[in-house]
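I have placed the structure first, in the form of structure tokens, so that the comments after it can refer back to it.
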Number of protein chains: 4
Amino acid sequence: MRILFLGDIVGHPGKQMVEAWMPKLFDHYQPDLVIANAENIAPNGRGITSRLAEALFDVQVDILTMGNHVWDQKDSLSYIDSDRRIVRPANYPAGTPGQPYTLCKVGKEQAAIINVLGRSFMGDYDDPFRTMDRVLDEIGTQAKYIFVDVHAEATSEKYALGNYLAGRVSAVVGTHTHVQTADDRILPGGTAYLTDAGMCGPYDSIIGFTKEPVIQKFLTQMPTRFEVAQGAGQLHGVVIDLNDAGKAVQMERISITPDRPFKV
Amino acid sequence: MRILFLGDIVGHPGKQMVEAWMPKLFDHYQPDLVIANAENIAPNGRGITSRLAEALFDVQVDILTMGNHVWDQKDSLSYIDSDRRIVRPANYPAGTPGQPYTLCKVGKEQAAIINVLGRSFMGDYDDPFRTMDRVLDEIGTQAKYIFVDVHAEATSEKYALGNYLAGRVSAVVGTHTHVQTADDRILPGGTAYLTDAGMCGPYDSIIGFTKEPVIQKFLTQMPTRFEVAQGAGQLHGVVIDLNDAGKAVQMERISITPDRPFKV
Amino acid sequence: MRILFLGDIVGHPGKQMVEAWMPKLFDHYQPDLVIANAENIAPNGRGITSRLAEALFDVQVDILTMGNHVWDQKDSLSYIDSDRRIVRPANYPAGTPGQPYTLCKVGKEQAAIINVLGRSFMGDYDDPFRTMDRVLDEIGTQAKYIFVDVHAEATSEKYALGNYLAGRVSAVVGTHTHVQTADDRILPGGTAYLTDAGMCGPYDSIIGFTKEPVIQKFLTQMPTRFEVAQGAGQLHGVVIDLNDAGKAVQMERISITPDRPFKV
Amino acid sequence: MRILFLGDIVGHPGKQMVEAWMPKLFDHYQPDLVIANAENIAPNGRGITSRLAEALFDVQVDILTMGNHVWDQKDSLSYIDSDRRIVRPANYPAGTPGQPYTLCKVGKEQAAIINVLGRSFMGDYDDPFRTMDRVLDEIGTQAKYIFVDVHAEATSEKYALGNYLAGRVSAVVGTHTHVQTADDRILPGGTAYLTDAGMCGPYDSIIGFTKEPVIQKFLTQMPTRFEVAQGAGQLHGVVIDLNDAGKAVQMERISITPDRPFKV
Ligand SMILES: [Fe+2]
Ligand SMILES: [Fe+2]
Ligand SMILES: [Fe+2]
Ligand SMILES: [Fe+2]
Ligand SMILES: [Fe+2]
Ligand SMILES: [Fe+2]
Ligand SMILES: [Fe+2]
Ligand SMILES: [Fe+2]
């Protein structure tokens, strides 16, 4: 079974890159399950709308994961709550709208997709480690394939969670930094691990945003309005192959930028 | 001119990897200048000692950069202050011991090596942007090649500094996260950029440290003693080619792990 | 019923102040229950030892609360776990040693004493709000008087928790900043509230520590060894009167310093 | 010479309290210089407008200090820059609009008023310690009386700065936490010190804001809109007496709340 995962989709340029490349990626990789992190797809780079989610489903993305920006578009709250193809971070407190994980048919088996937030340099969420224990317990034997999107800042926390889950899930892939890491590896027990999948969005930017205001913010420490950059796009993600036991056997990073054309 | 840069060397396993691989890397890449980040080379992964610095110089590393752990071995303070081959972060306050940058002969030209700390999620250092302005001003025309090691956590701050310096320095390479990123690119103006070079140290670890205590720290929130992990090593770095004008023309990431043997 | 609470006792000077003043405070206030925060009583200002706890019990302190430094003296872990007169923060994860709250006979009734950590600018503890819900649920009708020591940094979090608990507990008193606040008030529902009780320790100090190294730390950003200051002491706390329904009816701050002698 | 200082004025209720009480405070204390922190006076509790500043000047406030919210009302930027009665934090980077300190005639002498931001748990500002050195150097002998508003979160940083400036300025008074501390003291060298002056604003609130949304924010970790609370007000500040050498000789905290009427 093959999973294609795309990292944080940022704004309109991110959506365009995904729409433009999904057919080619589909052809080339023939994935059985496509997951994308869509926490930044709104035009201002913060949150999601139902219309944008539908656009991703239209190009054969199966499941959307989120992150710390999940609630930034207030009017999407009910949508996120109602659509089982959208997974919000599992470690928001009990009673939070939305699904902390979702199950999805893949052939004759089921896959579980989980999204969880780190706390280091992030926010006061519930413990991601114990949350994962609880969610995996709840999923039990319902899913043969388990994919975890760890939306976190600190490499130590991501590695700790990856190793904590090694042998218990099929894959642990990080998001949030918007920069792909080069440390893809299969951890003991057959768990594919990658600290960050990277982003889909504008290339000439600072993690998706127009460069000048971000630099000004650092220089002036004054309130600054950030906007999603325009221009040529980049797309980042990872392809993971699982065997019939749900163990990862192979993984390959995808990085498409104006400097690094897709090699078919 | 070719620069070989090695990311954070962690403990004895990191030192061993560098000692074992430097001859082969030297043969293969034939660098004109070798720089390594040595902020974690002490046995406990924090700071440096004169003996360990000498060991690196013995295997043809020319210049050592540091980071937030620069002062962790108290007795090395005078050593760091006296040896011009060691560069401490430039944005410690005025009056701090050590060199905020160093000049180094490369053929008939000079190279300047600068180390600077980020502030996001880090500490209360001086502004790295204005510090770079000041240091570059001081270097002036003394150096044709300028290499900057940005020791920082946040991808946004690293990209902002990279773009702020684009066209003004030869290379901006990040350290500190201990995980190599896959976003090597030549920014406009001929500045090689990489968000993080990654680490040199034990492979079966959490960013260099024994896994179990780090996981326990996240699980218990109690004081925990971390130690550098043992076992097979990994080595990460980057090779950057500069033209006679000091502009970057090519770069190649190095990643050697038990899973990813060095392909000569 | 009258409660006397003393804020963070810092080092030997803090212990001495409490030992010297407890007889006079006892005479003057005639409290029915004496509680003290002892997270800083160890000689270096971090944690507690069994010997020091016993010294406080010897001068008629009934119950000790703790804080983020609770585990800093490693060898006291089993002691904290075994002595029911010591309360550790309730929002450490499940499975943590020590009592998250304790019950204590006061006349014919019982008092519950709870210690809880804030998260803002602190650490990745469990949610203090839901933890309080759970603990109060567990205590149920066992205690008529309920005292909560909120060990936290941010005034917003302390006020939020105070108001969240207003009418459900007898008193919410803050600790951790080592500076007494002047905002004592009875919140609606009969809950005594004070953002911070202040510290017991050396007066000529920076929140209990020798001034020069703390200033040097801010000036140099280098690792610095802090030590508890010596010299004349200060003592801070609060006296709270509860009626037979466990509601706060009156409160009075105590502040004894060399500049502000105790007025009997 | 007598200074009256009022802490963070929050929203319309804060403005109303100041307008209502200034005549009585003036009568009672007969201050020679009135300073108020106005960083929260805008209707939403963030920043200032020219109209609101004028309203304060109309009731005999002489000088306004600010804080981290200084730039939150974008259209007030030019106003802050042009009016010498408004002091912005001195440790914004070089080139920032506004005055880092101001001089003000008091009888035949001059007073200097300085506003400086802490960095602990705050933001990436310039070093407040060295900034103070530089500003004091610049002021030189122009001012006999020097008042410093330290807008900071951490008690350790405020005490460190207070002690760093002891004997060099007339007074160091903190703001930002919106809760008055009870630790007023004259430091060696004749420097009046108070960790926080407290706020002027609505009493039934969480540091000025409607309680329910703030509690919800802590409970849900979701984006929440805060608004300044309404209802009965509180006013906090401090009165400091300086001798002819500019040394503090006496200080008195002011705390007026519905529970604590002003005792004339
Ligand atoms: Fe994110
Ligand atoms: Fe993101
Ligand atoms: Fe580092
Ligand atoms: Fe490091
Ligand atoms: Fe504490
Ligand atoms: Fe404390
Ligand atoms: Fe503030
Ligand atoms: Fe404020």
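The values are calculated or read from the model by the stated rules, or taken from the named source; none is laboratory data. Since the structure is predicted, the reported quantities are computational estimates derived from the model, not experimental observations. Heads up, the Cβs are rebuilt from the backbone with ideal geometry, glycines too, and the neighbour counts pull from every protein chain shown. Heads up: the accessible areas ignore ligands, DNA and RNA and are worked out on the full protein's heavy atoms, side chains in. Shrake-Rupley method; radii C 1.70, N 1.55, O 1.52, S 1.80 Å.
Across peptide D:208-221, the average count of Cβ atoms from other chains found within 10 Å of a residue's Cβ is 5.
Here the range C:2-256 carries DSSP beta bridges of which approximately 50% are antiparallel, counting only pairs with both residues inside. The trypsin sites (Lys or Arg not before Pro) of the range B:69-107 meeting both criteria, a DSSP state outside H, G, I, E and B (loop) and at most 12 other C-beta atoms within 10 angstrom of the site's C-beta, are B:Arg84. Compared with its chain on its own, the range C:230-264 contains the following residues whose accessible area drops by 40 Å² or more in the full protein assembly (probe 1.4 Å; ligands, DNA and RNA excluded): C:Arg260. For C:Glu109, the point set 7 Å out from Cα toward Cβ sits 5.5, 6.1, 8.2 nm from its twins in the other copies, listed from shortest up. With label points set 7 Å from Cα along Cα→Cβ, the inter-copy distances at A:Arg2 are 3.6, 8.0, 8.3 nm, sorted shortest first.
Adding -39500 (n - 2.57) for every DSSP H run of four residues or longer, then dividing by how many residues the protein assembly as shown holds, sets the calculated 222 nm ellipticity at -7500 deg cm²/dmol. Of all aspartates and glutamates in the structure, those lying under 12 Å Cα to Cα from D:Lys144, and not within fewer than 8 positions of it along the same chain, are D:Glu109, D:Asp244. Helix A:11-29 versus the longest principal axis of chain A: what is the Cα-based angle in degrees, 0 to 90, to the nearest 10? The angle comes out near 40 degrees. Each peptide in C:217-229, B:111-123, B:152-164 was scored by the mean count of other Cβ atoms within 10 Å over its residues; highest first, the order is B:152-164, B:111-123, C:217-229. Which parts of the range D:124-138 would a label at B:Ala94 reach, counting a residue when its backbone N lies under 20 Å from a point 7 Å out along Cα-to-Cβ? Residues D:125-138 fall inside that zone.
Between chain A and chain B, the total buried accessible area stands at approximately 3300 Å², from heavy atoms with a 1.4 Å probe. Counting, for every residue in A:183-191, the Cβ atoms of other protein chains within 10 Å of its Cβ and taking the mean gives 3.
Pairs exceeding a 30 Å alpha-carbon distance, out of A:Lys24/B:Lys211; B:Lys158/B:Lys211; A:Lys74/A:Lys263; A:Lys247/B:Lys217; D:Lys105/D:Lys158: A:Lys24/B:Lys211; A:Lys74/A:Lys263. Farthest toward the positive end of the dipole of the range B:100-151, out of B:Gly107, B:Pro128, B:Ile146, is the Cα of B:Gly107, where the dipole comes from beta carbon charges about the Cα centre. Test of understanding: in a Gaussian network model of chain A with alpha carbons linked when under 10 Å, which of A:His178, A:His69, A:His151 would top the mean-square fluctuation ranking? In this elastic network of chain A, the residue with the biggest mean-square fluctuation among A:His178, A:His69, A:His151 is A:His69. The same position D:Pro213 in the other copies lies at 2.2, 4.5, 4.6 nm from this copy, comparing label points 7 Å beyond Cα toward the beta-carbon, shortest first.
Here each label is just a point 7 Å from Cα along the line to Cβ, and for D:Asp259 and C:Arg134 those points are 3.0 nm apart. Given R0 = 45 Å, the distance between the Cβ atoms of D:Ser78 and B:Arg2 translates into a calculated FRET efficiency of 0.30. Rounded to the nearest 20 debye, the dipole magnitude of the range A:170-264 is 160 debye, with +1 charges on Lys and Arg beta carbons, -1 on Asp and Glu beta carbons, and the Cα centre as origin.
For chain D, the longest principal axis of the Cα atoms and the long axis of helix D:155-165 meet at an angle of about 20 degrees. When +1 charges are put on Lys and Arg Cβ atoms and -1 charges on Asp and Glu Cβ atoms, the dipole computed for the protein assembly as shown relative to its Cα centre reaches about 0 debye. To put it simply, the accessible area of the protein assembly as shown at a 1.4 Å probe is 48 percent carbon and sulfur. Under a 10 Å cutoff between Cα atoms, tell me which one of D:Lys247, D:Lys144, D:Lys211 has the largest fluctuation in the Gaussian network model of chain D. Sorting by GNM fluctuation, first place goes to D:Lys211. Counting Cβ atoms of other protein chains within 10 Å of each Cβ in D:172-181 and taking the mean gives 4. FRET efficiency for the A:Glu19 to B:Phe121 pair, using the beta carbon distance and R₀ = 30 Å, is estimated at 0.30. Comparing A:Gly201, A:Gly233, A:Gly189 in a Gaussian network model of chain A, where Cα atoms under 10 Å apart are tied by springs, the biggest mean-square fluctuation is seen for A:Gly189. Counting only alpha carbon atoms, the long axis of helix D:211-220 and the longest principal axis of chain D meet at about 80°. Dipole check for chain D: with +1 at the C-beta of Lys and Arg, -1 at the C-beta of Asp and Glu, and the Cα centre as origin, the magnitude is about 140 Debye.
Residue-level result for chain D: its Cβ closest to the axis carrying D onto A, with that distance in Å, is D:Phe121, 7.
Taking all protein chains into account, the per residue accessible area for the range C:1-103 stands at 35 Å² (1.4 Å probe).
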